[in-house]
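The values are calculated or read from the model by the stated rules, or taken from the named source; none is laboratory data. These numbers come from a predicted model, not from an experiment. Cβ atoms come from the backbone with ideal geometry, glycine included; neighbour counts cover every protein chain shown. SASA here: full protein model, heavy atoms, side chains in, ligands and nucleic acids out. Shrake-Rupley method; radii C 1.70, N 1.55, O 1.52, S 1.80 Å.
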Amino acid sequence: MIKSLHIDNIAVIESTDIDFENGFNVLTGETGAGKSIIIDAINAVLGERTSKDLIRTGCDRAVVSALFCNLSLSAKSNLLGNGFDVDDDGNLLITRIITNTGGSIKINGRAATASILKEISKDLINIHGQHDNQKLLNPDNYYLYLDLLANNINEYNNYKTEFDYFNKIRRELNSQETDEGEKQRRIDILQYQIKELEDANITVGELEEIRKKLTIAENYEKTMSVLTEASYCLDGSDNFDGAISLVRNAQKYIGSAKSADFDAVFNRLGVALENLYDISAEIRNFTDNEELRDLDPEKLRERLDTLRRLMLKYGGDEEKMLSFLENAKCELDTIICSDKRIEELSHQLDESTERLISYGEELTSTRIKAAESFSKRVSDVLSGLDMPNVKFIVNVIQDRYTRYGCNTVEFLISTNAGEEVKPLHKIASGGELSRTMLAIKSVLADKDDVDTLIFDEIDTGISGRAADKVGLQLQKVSYNRQVICVTHLAQIAAYADNHLLIEKSFKNDKTYTNVISLDNEQKISEIARIMSGTKITENLYNSAKELLDRSKK
């Protein structure tokens, strides 16, 4: 449960500390005093989206911190699952700082993200307000209430898993069953592309090799002429000695000197001679190469043009063109084999349909069973909320299959004796909606481990004896969990175990809001103020005291 809330510079609240207690906590105050700001602050420490507009005028940042104690097992488990833990005293402190440029979040002193905070806080507090009443006007949400009571998580997961699989198979089957004319056109295109690429007989690295050969072929005659002359210079001919012969003779003469002073020269001539042999061999490799002699520049240019043309169509290099070829073959095989695949998918779809129907029936059965109990329990609570002639019926109707089941759920209600039940969203007044939502929350209160329930003006449209009944019901809900209620009705405030007054004041042209925990005498005065809104007379004071005394009994 939430033990305390600290607020700095949120809207009209400069600084305040609010201590909450077990049981039933009530927040009251004049219109505009800041009751909704307290709820906004709590939402901030629960990870909801905030705005810099919350920051008090003239300040550069706002701070909200909440201390939680006696956490439930599920809350502790969720905390551990997100990498956090309670402190040594078993408490949890959440701090949210809001600035003009962003903000920060800390959980027990460690930094956290808003998404983590929101995940952790779902087991701490549930806030119910006017938006919940709006849910009652939308029949699409009704199945959620039944599923909470039905405890049918396994049935729902089985259905949802099968529903997702069914749609996956159906999408693939639809893609396979394309128009036959379009399929044949695609086959013709793929066959043409495959033939064109296969006929080209492309190999990786071929393009660069062709470019080199083309350079050689275009300069072959000139290259042969100069290399032949160079060969004569190295190897000589019948009429003169070449460089190799001359260097070899020079080495022989140096060697005959038999002097150690010329050993180095002798060796250097040997190295030069080896280099000349290598150079001569390289020249002969070129001049004697028949393959190079037979290179045809025109054929090479033609091949180069072919590859360039194919690259424009199928990719910028040989690897991309070959990859295109492989993909085209795979696609062609898939299309040609599609009839067999269609048959396989059709069989899988039939089997999935049978399973989906079976799981849908199981899910529907749990909802029908829950609907019977839900109808009775909500009706009983509504009877206690000054709606003695109410009839509340939940119908579970077979409908189309969606990811949430194959049912439409109807909430039907009759608030007066002798009237037929009609859809809740069509006939219920604001006060009836508020009481119906309170009844639903009361019935479902034990279906989760959330320790704190906050009701933000759930008493809208209620007055008189009905308000007294609502206060009593809120007190009953608070027997096994903490309840915090923002209200403007004296009948509800009178049932509070802890009455907090939100008071607004003006000082130095600024607005300030304070939160005060009231003692018994102060409670009487505040209830009297709520009852009349005018000056508190002796009779009004006595009426307020009587209301407070009666609620305690």
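Computed log10 I(q)/I(0) for segment 133-279 at 0.12, 0.19 Å⁻¹: -0.90, -1.17, from the Debye equation with unit scatterers placed on every C-alpha and solvent omitted. Overall, the accessible surface of the chain at a probe of 1.4 angstrom is composed of carbon and sulfur to the extent of 48 percent.
Tell me, how many Å apart are the Cα centres for segment 3-29 and for segment 189-218? After rounding, the separation between the Cα centres reads 79 Å. For Lys510, the lysines whose Cα falls under 20 Å of its own Cα, not counting residues fewer than eight places away in the same chain, are Lys35, Lys52. Cα centroids of segment 273-335 and segment 58-75: 72 Å apart.
Taking 7 Å steps out from each Cα toward its Cβ at Asp333 and Leu80 produces label points 5.1 nm apart. Taking label points 7 Å from Cα along the Cα-to-Cβ direction, Lys340 and Ala264 give a separation of 8.1 nm. Volume per residue of the convex hull around the Cα atoms, evaluated for the chain, comes out as 342 Å³. Ranking Val247, Gly360, Val378 by how far each Cα lies toward the positive end of the dipole of segment 237-383 (charges on Cβ) leaves Val378 at the top.
Extension gain for Asn389-Lys106 works out to 96.8 nm (0.36 nm per residue, less the C-alpha to C-alpha distance).
Projecting the Cα positions of Tyr142, Asn152, Ile105 onto the charge dipole of segment 72-167 (unit charges on Cβ atoms of Lys, Arg, Asp and Glu, taken about the Cα centre) puts Ile105 furthest along the positive direction.
Pairs of alpha carbons in segment 490-553 separated by more than 20 Å make up 31% of all such pairs.
From the square roots a ≥ b ≥ c of the eigenvalues of the alpha-carbon gyration tensor of segment 343-501, which class results: rounded (a/c under 1.5), prolate (a/b over b/c), or oblate? Prolate, since a/c reaches 1.5 and a/b exceeds b/c. Extension gain for Asp509-Glu290 works out to 68.4 nm (0.36 nm per residue, less the C-alpha to C-alpha distance). P(r) for segment 269-407, from all Cα pairs and a bin width of 5 Å, is 2, 7, 7, 6, 6, 6, 6, 6, 5, 5, 5, 4, 4, 4, 4, 4, 3, 3, 3, 2, 2, 2, 1, 1, 0 %, short bins first.
When all protein chains stay in place and ligands, DNA and RNA are ignored, the 1.4 Å accessible-area order of Cys330, Cys485, Cys59, Cys233, largest first, is Cys233, Cys330, Cys59, Cys485. For a straight C-alpha distance cut-off of 24 angstrom, the lysines reachable from Lys369 (same-chain residues fewer than eight places away being disregarded) are Lys135, Lys160, Lys391, Lys422, Lys441, Lys447.
Note on segment 141-214: Kirkwood radius taken over Cα pairs, Stokes-Einstein applied at 25 °C and 0.890 mPa s, translational D equal to 134 µm² s⁻¹. I need the Debye-formula profile for segment 16-105: one equal scatterer per C-alpha, no solvent, reported as log10 I(q)/I(0) at q = 0.20, 0.22, 0.23 1/Å, two decimals. Normalising to I(0) and taking log10 leaves -1.11, -1.22, -1.26.
With respect to the chain, whose longest principal axis is taken over its alpha-carbon atoms, helix 243-256 is tilted by about 80°. Report the net charge of residues surrounding Tyr156, where surrounding means a beta-carbon distance below 15 angstrom and charges are Lys +1, Arg +1, Asp -1, Glu -1. Around Tyr156, the charge tally is 0.
With q set to 0.14, 0.28 Å⁻¹, the log10 of I(q)/I(0) for segment 392-463, from the Debye formula over equal scatterers at the Cα positions, is -0.62, -1.19.
Projected onto their three principal axes, the Cα atoms of segment 56-193 cover extents of 73, 43, 35 Å, largest first. Ligands, DNA and RNA are left out, and with a 1.4 angstrom probe the accessible area of segment 373-425 is 51 Å² per residue. Solvent-accessible area per residue in segment 508-553 equals 66 Å², computed with a 1.4 angstrom probe and all protein chains kept. Along each principal axis, taking the top coordinate minus the bottom one, the Cα set of segment 407-548 gives 60, 37, 34 Å in descending order.
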